[in-house]
Each structure stands twice: as C-alpha cells, then as structure tokens.
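Below is one structure; the comments refer to it alone.
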C-alpha cells in the first residue's frame, strides 16, 4: 500500500485536506510518524500542519507570530480571543486567583462524591455522557461556581454550542460540518439565554454581597473584587467571566473522560492495572494512567492559530518552511506528544511518564485556565467508573456524526 504522503501527493489540491483530516482523526499515530520523519510541515491550500514537538511548542508560545484570530468571530471581546493585551493579562490573572487552587482537594472530593452517587443510582448500566461525564461538571458549576437555580439542561446547551462553534466550526471544518450556519445560530441563541440568566444571577448576588453575604463561590468573589474598585473589572466583565467558567468546564471534561475510558478499555492489561490503582487511597499513581491515556487519545489533537509574521518552521531540518502572514496553522500536538526527540519510547503506554512536556492542557499564553481543576475532575470521574465491579463498555462511544462523544454505554455488576 502506498504511504500517506504518496497518496497525498497523488490527490488534487482540493482533495488533500479532506483526506488528511480523515487520517488525522482515524489513523493518527502512523500518519503523524510519517509526517514527522518525511514532511513535518504539511502545506495545503486551506491550512498547514506542524507535527514536530519543537514547532508546536514554538507556535503556542509565540503569540506575537501566531495568534488566536479565528476565535474572535466566535467569542467577540472575551479576553481568551485576544493575545498580548492588557485586558487579557488582567482578566486571566483575576480568574486564576478566583479559582483558588487551595480548594482543589475539596473539589476532587466533591467530584468523587457526585460521580459515585450518580453511578450508584444507575443500577448497573448507564449512558455515561449525559449521565456522568457531562452531569458532574454541570453539578460542579451549580454547586461550586455559584450558578444558583440554573436548569442543568440549559447549562449543557449553553456550554455545548459555544464549544461546538469555537472549536469545531472553523472555516477549515466546513468539510465535516453539515450546516455551519446552524451551529452559529445555535451558539448565538444559547449565548442570549446564558447572558440573560447570568445578568439576573449577578444582579441578585450583588445585592447579597452588598448586604454582607459570607458566600465564597467564584461569582461572589468576582463581585467583591469589582465593588472594591481596586482593579479595572466592572460588572459586565463579571458576567462574561462567570460565563467562561461554565463554557470551559463541561464539554472538554466529558470528552476527556470518555477518551480515557475508551483508551484504557482497549488495553486490557493497562485497564486492570488502572482498576487496581483506582482502589488505592492515594490517587497519584492512578492519575498517571489518565494523563497517559490522554496522550494517546487527546480531546483536541491540534490547536489552531493564524500566522501574523513570516515564520520558519522545521528551521533546523531539510524541510524548513516559511509560513506567510494570514495562513492558518494547526499545531498538531497529538503528533508532538509522540516525537521521540522529547518523549522517550513514545509508543509505549507508561503511566509513570512525566507530564511536564505534554499538551493535554495546551501550552503558552492560552493554556487551559482551569487546568488545576480539570487535572483532578477528569481523573476522579474515571476513577469512580473503574471502581465499579466488572465495568465494561457495551460498544464504542457514539459521536453521532459530530466531533465529540454524545453517548457511551457502560455496564457493571451490581
């Protein structure tokens, strides 16, 4: 059979990106290995793929050369759709402080209790996507982030359509999205409903704060900061950033948890070792199975950026390629996490592998804001599943033609 690049070169230019996208999601590791060795920068009319660790790392760190322009039509003036701006640095710093890392152990305990209760109530069978992997972060948003009185289904809709449009409905996704305009409309409708809820929530909480409320959830903390006048952060920014907490929490958590379980169930020996580790009081060893599974099956195989200044990728190789301004570049971090220049014996599943060089939570300026929470929420959801007796999947996750898992049936002995 011809190599991937031989097949790629034989295609007409308009046929190349659809084929590459199929390999990227369907046959990633052999495809990436061939690219890293023979064409680490793959140029197409629609976009360019960078597959080596060094180039992916540079793209995500060099926000002056590679920006998040494609987020702007989806997220408007939100600071995550900005690069090196005062608003970005100020609001990100505020949100990092508001998401108090000292609370992470208590958040893990909450997640474990909630996940365990949902699984116990399921009675031996569950579609875990609506019933667990989305339900737990939605509950965390309600009970921990301060979304009082919110309808769980509404919270799901608001988060889901925002992520669908921002991450999976970009111009280069048009070949896989039946109706891109419908995704935009759903996101716009969800945004209107979310802002209406949040405006009312923040107004009510503001009255409580001014009356001396002792609450300490993120909504309350942000309002106290806003009212202090100690930093430029008005009530409208409170609303925007409280919305970001929801949007960032639900779908990525669900996607990651499903991917971890799918990867472990496909490796019976590793699944058995993970089950044993799940029973330990200290979850540290167990968490290694989760992060290694996400190296093999990340929720996001790439991060997209727009080139701002002419920049050469693979500059230290015979494949040096200069990217022109305006070009869309995919930093294929799934490939980068298998680059033997950085990852020793990359094809071996090693739950004790150090995670400092991985891209699971992104890298650089736009690294995941809630990584400390995600780093315990995803493992704890998976841990509670693997503590069930004889748990097993009834089949593969069902994506229903989309980009994220929509259903995943598990059964276990009761």
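The values are calculated or read from the model by the stated rules, or taken from the named source; none is laboratory data. Everything numeric here is computed off the predicted structure, so don't read it as measured data. Please note: Cβ atoms are built from the backbone with ideal geometry, for glycine as well, and neighbour counts cover all protein chains shown.
So which residues in segment 174-196 are in contact (Cβ under 8 Å) with a residue 12 or more places away in the chain and closer than 18 Å to residue 76 by Cβ?
The answer is 183, 184, 186, 187, 189, 190, 191, 193, 194, 195.
Taking segment 119-128 as the search range and keeping residues that are part of a helix (DSSP H, G or I) and in contact (Cβ under 8 Å) with a residue 60 or more places away in the chain, which one is surrounded by the most Cβ atoms within 10 Å (Cβ to Cβ)?
Step one: list which residues in segment 119-128 are part of a helix (DSSP H, G or I), which gives 119-122, 128.
Going one step further and asking which of them are in contact (Cβ under 8 Å) with a residue 60 or more places away in the chain, we end up with 119, 128.
Details: 119: 22, 128: 28.
Among them, the one singled out is 128.
Could you tell me how many of the residues in segment 167-182 are surrounded by fewer than 18 Cβ atoms within 10 Å (Cβ to Cβ), assigned to a helix (DSSP H, G or I) and under 21 Å from the mean Cα position of the chain (by Cα)?
Looking only at that region, the number is 5.
Could you list, in sequence order, all residues of segment 77-109 that are out of contact with any helix residue (DSSP H, G or I) (no Cβ under 6 Å at 6 or more places or on another chain), closer than 26 Å to residue 323 by Cα and outside any helix (DSSP H, G or I)?
Scanning segment 77-109 gives 83, 84, 85.
Regarding segment 335-346, can at least one residue be identified that is outside any loop (DSSP other than H, G, I, E, B) and surrounded by 17 or more Cβ atoms within 10 Å (Cβ to Cβ)?
Yes.
Looking only at residues in segment 347-375 that are under 14 Å from the mean Cα position of the chain (by Cα) and outside any loop (DSSP other than H, G, I, E, B), which one is surrounded by the fewest Cβ atoms within 10 Å (Cβ to Cβ)?
371
Suppose we filter 112, 131, 116, 149 for residues that are farther than 26 Å from residue 74 by Cα and either part of a loop (DSSP other than H, G, I, E, B) or touching a strand residue (DSSP E or B) at 6+ places or on another chain (Cβ under 9 Å) (or both); which single one remains? Reasoning before the result, please.
Values: 112 fails: either part of a loop (DSSP other than H, G, I, E, B) or touching a strand residue (DSSP E or B) at 6+ places or on another chain (Cβ under 9 Å) (or both); 131 fails: either part of a loop (DSSP other than H, G, I, E, B) or touching a strand residue (DSSP E or B) at 6+ places or on another chain (Cβ under 9 Å) (or both); 116 fails: either part of a loop (DSSP other than H, G, I, E, B) or touching a strand residue (DSSP E or B) at 6+ places or on another chain (Cβ under 9 Å) (or both).
When all the criteria are applied, what remains is 149.
Could you tell me which residue of segment 376-402 is surrounded by the fewest Cβ atoms within 10 Å (Cβ to Cβ), considering only residues that are out of contact with any strand residue (DSSP E or B) (no Cβ under 9 Å at 6 or more places or on another chain) and closer than 15 Å to residue 251 by Cβ?
402
Identify, by number, the condition in (1) within 30 Å of residue 82 (Cα to Cα); (2) under 23 Å from the mean Cα position of the chain (by Cα) that residue 313 doesn't meet.
Going through (1) within 30 Å of residue 82 (Cα to Cα); (2) under 23 Å from the mean Cα position of the chain (by Cα) one by one, residue 313 breaks only (2).
For segment 18-30, indicate whether the set of residues that are closer than 23 Å to residue 322 by Cβ, surrounded by 15 or more Cβ atoms within 10 Å (Cβ to Cβ) and over 26 Å from the mean Cα position of the chain (by Cα) is non-empty.
no
Are there helices (runs of 4 or more DSSP H) fully within segment 249-318 with at least 1 residues that are surrounded by fewer than 23 Cβ atoms within 10 Å (Cβ to Cβ) and touching a strand residue (DSSP E or B) at 6+ places or on another chain (Cβ under 6 Å)? List them.
Fully inside segment 249-318 and qualifying: 251-265.
Would you say residue 82 is surrounded by 19 or more Cβ atoms within 10 Å (Cβ to Cβ) and without any contact (Cβ under 8 Å) to a residue 24 or more places away in the chain?
When the stated conditions are applied, residue 82 passes them.
Residues that are modelled with pLDDT of 95 or more, crowded, with 19+ Cβ neighbours inside 10 Å and more than 20 Å from residue 320 (Cα to Cα): does segment 35-57 have at least one?
no
Consider residue 230 against the criteria (1) at pLDDT 95 or above; (2) out of contact with any strand residue (DSSP E or B) (no Cβ under 9 Å at 6 or more places or on another chain); (3) not in a helix (DSSP H, G or I): it satisfies all of them except one. Which criterion is unmet?
Answer for residue 230: the failing condition is (1).
Can you tell me which of 73, 40 is out of contact with any strand residue (DSSP E or B) (no Cβ under 8 Å at 6 or more places or on another chain) and farther than 16 Å from residue 363 by Cα?
Going through 73, 40 in turn, the sole match is 73.
Here are some residues: 185, 108, 90. Which one is buried (at least 16 other Cβ atoms within 10 Å of the Cβ), modelled with pLDDT of 95 or more and at negative phi?
108
Which of the residues that make up segment 93-105 are under 18 Å from the mean Cα position of the chain (by Cα) and crowded, with 19+ Cβ neighbours inside 10 Å?
Once the filter is applied, which keeps residues that are under 18 Å from the mean Cα position of the chain (by Cα) and crowded, with 19+ Cβ neighbours inside 10 Å, segment 93-105 yields 95, 99.
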